[in-house]
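Take a look at the structure set out below.
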Amino acid sequence: MDKEKIKSLLTFLIAGMISLWFLTPIIFITLSAFATSKDYYNPNYIIPRHYTFSHFYKLFFTLSAGHATLISLSVAALTILLSFLLGVPAGYALSRYKFKGKNTLKLTVLSTRMFPLMILAIPLLIIFMQIGISDTLWGIVLAHTTMVLPFVILITSSIFAGVDIAFEEAALIFGLSRSKAFFKITLPLALPGLAASAIFAFIMSWNEVFVASILTLQNRTLPAQILSTAMDSPDYYKFTAGFIMAVPALVFIFFARRYLVSLWGISLK
Amino acid sequence: MKKFAVIGLMVLLVFVVSAYAVSAPKIYFVSTQMHPAGEREFMVGTLLKSFAKESGINVEFLALTYNEMLSRVSAEEKTGKVTISVIGDLHGGLDVMASRNLLQEVKGIPLPNRTFISTLEKYSVIKGKKVYVPWMQATYVMVVNKEAYKYLPNGLTKEDVRKPTEKWTYEALLQWAKNMKEKTGTPKFGLPMAPKGLFHRFLHGYLLPSFTGYEAKEFDSPNGIKAWEYMRKLVNYIHPASSTWAAMSEPLLKGEVLLAWDHTARIKPAIVQQPDKFEVIPVPRGPAGRGYIVVAVGLAVPKKAPQKEAAYKLIDYLTRPSTQVLVLQHVGFFPTVKEATGKIPTGALRILARGVTAQSSSPDSVIAMIPNLGKYGGEFTNTYRKVFKKVVLQKASLQKEVSAAAKLLKSLFEKAGTPIQ
């Protein structure tokens, strides 16, 4: 009995410390984002006493971070959609079928990550300009999909490998078609892993600056729109920009989290 | 089914935004300057708004880092589909773009009723080609927390420093920094030595010109050696966290340092925040004079830029004396046209303008310009940082390092086809 108590106390303590570890920066970002500049620089108190919306208003409305947030959200959503449309079938094929050159293919998929985006950026921009999608939403989506796709393929293939093929075979025996067996049996079981790779894809697209900055002039994503400004501004603006960047990502993860049991699909069984 | 609802919502959002994202025609003005939130807001909300009212031309102001801008401009030039009409950047960056043949010559743009300051005008002509129109200028100065005056060395007064007189020398700075360390317990003098800081400008534009009269020409000379010996002494009184500071306004505001050197734009936030606490003072002088850099920011037009007439109108508007005074008043960048110089703004920036004016009107000035080295510019500044690291921090042999660096610097100027300065 006592042992149990100590155990649960320890669990709480460790869980509490981990939460604190992750929450403290977020709390400080939020406090500093809305602190008046005078309070922010006052060395006498850690927690500011006076708050203002003016930094937020300047970044979000005057410097159009709000509009950029919408663009960033749609780019991330479309990136997830597109990379899933292409990546999930590929991942499924890699995990379920044996075919010649499978390992080579797996490696080739990763090789697109061998080149830093910096180097690819100018040729990419030139191609995009030639086909006329350089300053469009779809242009950034394509670039981000290219960046995210290898990860989606590899993660989903290991997720599907974790779903026992016996379930699928049983479904086929009981009369489901191949596609129905996938949608009714395999997909629900793989959902946690898919949620994890969706979060991954979202974060990668959400945080990407360089390509988004040079591909667009009009439809700029959030980091392209405010990152360089924030980095050159006084500290409290950096926190405000951090707040604007972090909150939508946190909200997204909060919702996607429900499907997330474990990354890499380890606890599926 | 909920999943599908979520996906449906996402798709809807995308379509709403894509419809919203379709844009109205306007000209694009990319800039590596005026990025900080307050400055950018002034640019977009005040300057460009009044320009749009006057001319009917809408300008989209885009804050890009130099690498992003160079990639974009190069790609546009290669495909021939140029969308950017005006570029605002530092002299050094425009120099590189000009060397890659990305910019058109900006001679003959109608700019009535203004006279550009002759040094800047001359400087904007690179290899016989007028590359940009001088837009704004800045410099690097020192900021002192008034508390630091308590620790002034014997024989040096506040007035000597403010004016500046012959007594405000690098030796006096050393003594001052030493006093601060000894009396407060920690070093209180700071330099922006972080990789993104502008410490290299201190070395090539302030220290060496003050000791030798030139940035690179007399690098390997008795006085050049003295400059590095001086740094070996000074480094003991520099705040050790300097290697993490890219801009000095934050450590000044937090009281970590009482005396600092940095770019005017990078100390401005401290002055605006607490104007009663700080003063801007000229830099000290060395045996050869008071060396300091004048930084020029220019406006250029890409080759094949669309709507050139509109671009010229924007350049005309931004270099007009009345606009330049507004920029000084709100942003702290100094005018490039004679009609607007000498105007001291009101408010906190008055402190900045006073210090800069005192520096630029001191009779022992040795003005250093960042040399036009095109793509060798990075190697040039790196050389100074490397010598500092080896000679001052790692205590390598002084003469050997200096001789090697002097040779390298000479070769950089030769390769770039620029007379050594």
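Sort out which residues of the stretch A:36-55 are within 17 Å of A:V247 (Cβ to Cβ), touching a helix residue (DSSP H, G or I) at 6+ places or on another chain (Cβ under 6 Å) and away from chain B (no Cβ under 11 Å), and write them in order of number.
Matches in the stretch A:36-55: A:Y51 only.
Hey, could you check the stretch B:311-338 for residues that are in a loop (DSSP other than H, G, I, E, B) and on the phi < 0 side of the Ramachandran plot and say which is surrounded by the most Cβ atoms within 10 Å (Cβ to Cβ)?
Checked the stretch B:311-338; the qualifying residue surrounded by the most Cβ atoms within 10 Å (Cβ to Cβ) is B:T336.
Counting residues that are under 20 Å from the mean Cα position of the chain (by Cα) and either charged (D, E, K, R) or buried (at least 22 other Cβ atoms within 10 Å of the Cβ) (or both), which helices (runs of 4 or more DSSP H) fully inside the stretch B:29-142 reach at least 2?
The qualifying helices (runs of 4 or more DSSP H) are B:37-42, B:66-79, B:91-99, B:118-123.
Looking at the structure I just gave you, is A:G87 closer than 23 Å to A:V109 by Cβ, part of a helix (DSSP H, G or I) and of a type outside the set (A, V, I, L, M, F, W, C)?
yes
Considering only the stretch B:238-256, how many residues are within 27 Å of B:I367 (Cβ to Cβ), buried (at least 22 other Cβ atoms within 10 Å of the Cβ) and not hydroxyl-bearing (S, T, Y)?
4
Of the residues A:S111, A:S83, A:S177, which single one is out of contact with any helix residue (DSSP H, G or I) (no Cβ under 7 Å at 6 or more places or on another chain) and modelled with pLDDT of 90 or more?
On the way: A:S111 fails: modelled with pLDDT of 90 or more; A:S83 fails: out of contact with any helix residue (DSSP H, G or I) (no Cβ under 7 Å at 6 or more places or on another chain).
Every option except A:S177 fails the conditions.
I'd like to check something: does the stretch B:220-237 contain any residue that is under 23 Å from B:F278 (Cβ atoms), modelled with pLDDT of 95 or more and either assigned by TED's automatic domain parsing to the domain that holds B:L373 or crowded, with 21+ Cβ neighbours inside 10 Å (or both)?
Yes: one or more hits.
Considering B:E256, B:E218, which residue is assigned to a loop (DSSP other than H, G, I, E, B) and free of Cβ contacts under 8 Å to residues at least 60 places away in the same chain?
Checking each option against the conditions leaves just B:E218.
Results for (1) at the interface with another protein chain (Cβ under 9 Å from one of its Cβ atoms); (2) among the aliphatic types (A, V, I, L, M), shown as yes or no for each residue.
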{"residue": "B:V30", "(1), (2)": "yes, yes"}
{"residue": "B:L48", "(1), (2)": "no, yes"}
{"residue": "B:R72", "(1), (2)": "yes, no"}
{"residue": "B:G88", "(1), (2)": "no, no"}
{"residue": "B:M97", "(1), (2)": "no, yes"}
{"residue": "B:G108", "(1), (2)": "no, no"}
{"residue": "B:F116", "(1), (2)": "no, no"}
{"residue": "B:T119", "(1), (2)": "no, no"}
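In the stretch A:1-44, how many residues are farther than 25 Å from A:Y57 by Cα and not polar (S, T, N, Q)?
Result for the stretch A:1-44: 20.
Residue-by-condition table, conditions (1) closer than 22 Å to B:F61 by Cα; (2) surrounded by fewer than 18 Cβ atoms within 10 Å (Cβ to Cβ); (3) facing another protein chain (nearest Cβ under 10 Å):
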site: A:F60; (1), (2), (3): yes, no, no
site: A:L63; (1), (2), (3): yes, no, yes
site: A:I80; (1), (2), (3): no, no, yes
site: A:L86; (1), (2), (3): no, yes, no
site: A:Y92; (1), (2), (3): no, no, no
site: A:K102; (1), (2), (3): no, yes, no
site: A:I131; (1), (2), (3): no, yes, no
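Residue under question is A:L117, and the condition is that it be more than 21 Å from A:L78 (Cα to Cα), touching a helix residue (DSSP H, G or I) at 6+ places or on another chain (Cβ under 6 Å), modelled with pLDDT under 90 and not polar (S, T, N, Q); does it hold? Spell out the reasoning first.
Working: more than 21 Å from A:L78 (Cα to Cα): no; touching a helix residue (DSSP H, G or I) at 6+ places or on another chain (Cβ under 6 Å): yes; modelled with pLDDT under 90: yes; not polar (S, T, N, Q): yes.
No, not satisfied.
Among the listed residues B:K304, B:K338, B:K375, B:K390, identify the single one that is modelled with pLDDT of 95 or more and in contact with a helix residue (DSSP H, G or I) (Cβ under 9 Å, 6 or more places away or on another chain).
Answer to the selection: B:K390.
Given the conditions (1) of a type outside the set (V, I, T); (2) in contact with a Pro (Cβ under 6 Å, 6 or more places away or on another chain); (3) more than 8 Å from chain B (Cβ to nearest Cβ), which single one is not true for A:S233?
The single condition A:S233 does not satisfy is (3).
Read through the list (1) touching a residue at least 40 places away in the same chain (Cβ under 8 Å); (2) under 24 Å from B:V356 (Cβ atoms), then give the number of the only condition that B:S85 fails.
Here B:S85 clears every test but (2).
Restricting attention to helices (runs of 4 or more DSSP H) lying wholly within the stretch A:189-264, give those where 1 or more residues are modelled with pLDDT under 85 and either at positive phi or within 12 Å of the chain's Cα centre (by Cα) (or both).
A:235-256
Which of (1) surrounded by fewer than 21 Cβ atoms within 10 Å (Cβ to Cβ); (2) farther than 30 Å from A:G242 by Cα; (3) free of Cβ contacts under 8 Å to residues at least 40 places away in the same chain is the odd one out, the single condition A:I119 does not satisfy?
Just one mismatch for A:I119, condition (2).
Which of (1) more than 20 Å from B:A138 (Cβ to Cβ); (2) surrounded by fewer than 23 Cβ atoms within 10 Å (Cβ to Cβ); (3) of a type in the set (K, R) does B:R350 not meet, given it meets every other one?
(1)
Within the stretch B:157-175, can you find the residues that are assigned to a helix (DSSP H, G or I) and farther than 14 Å from B:Y230 by Cβ? Step through it out loud before you land on a result.
The first filter runs over the stretch B:157-175 and keeps only residues assigned to a helix (DSSP H, G or I), leaving B:158-162, B:170-175.
Correct list: B:K158, B:E159, B:D160, B:V161, B:R162.
The values are calculated or read from the model by the stated rules, or taken from the named source; none is laboratory data. Keep in mind it's a predicted model, so treat the numbers as computed, not measured. We place every Cβ from the backbone using ideal geometry, glycine too, and count neighbours over all the protein chains shown.
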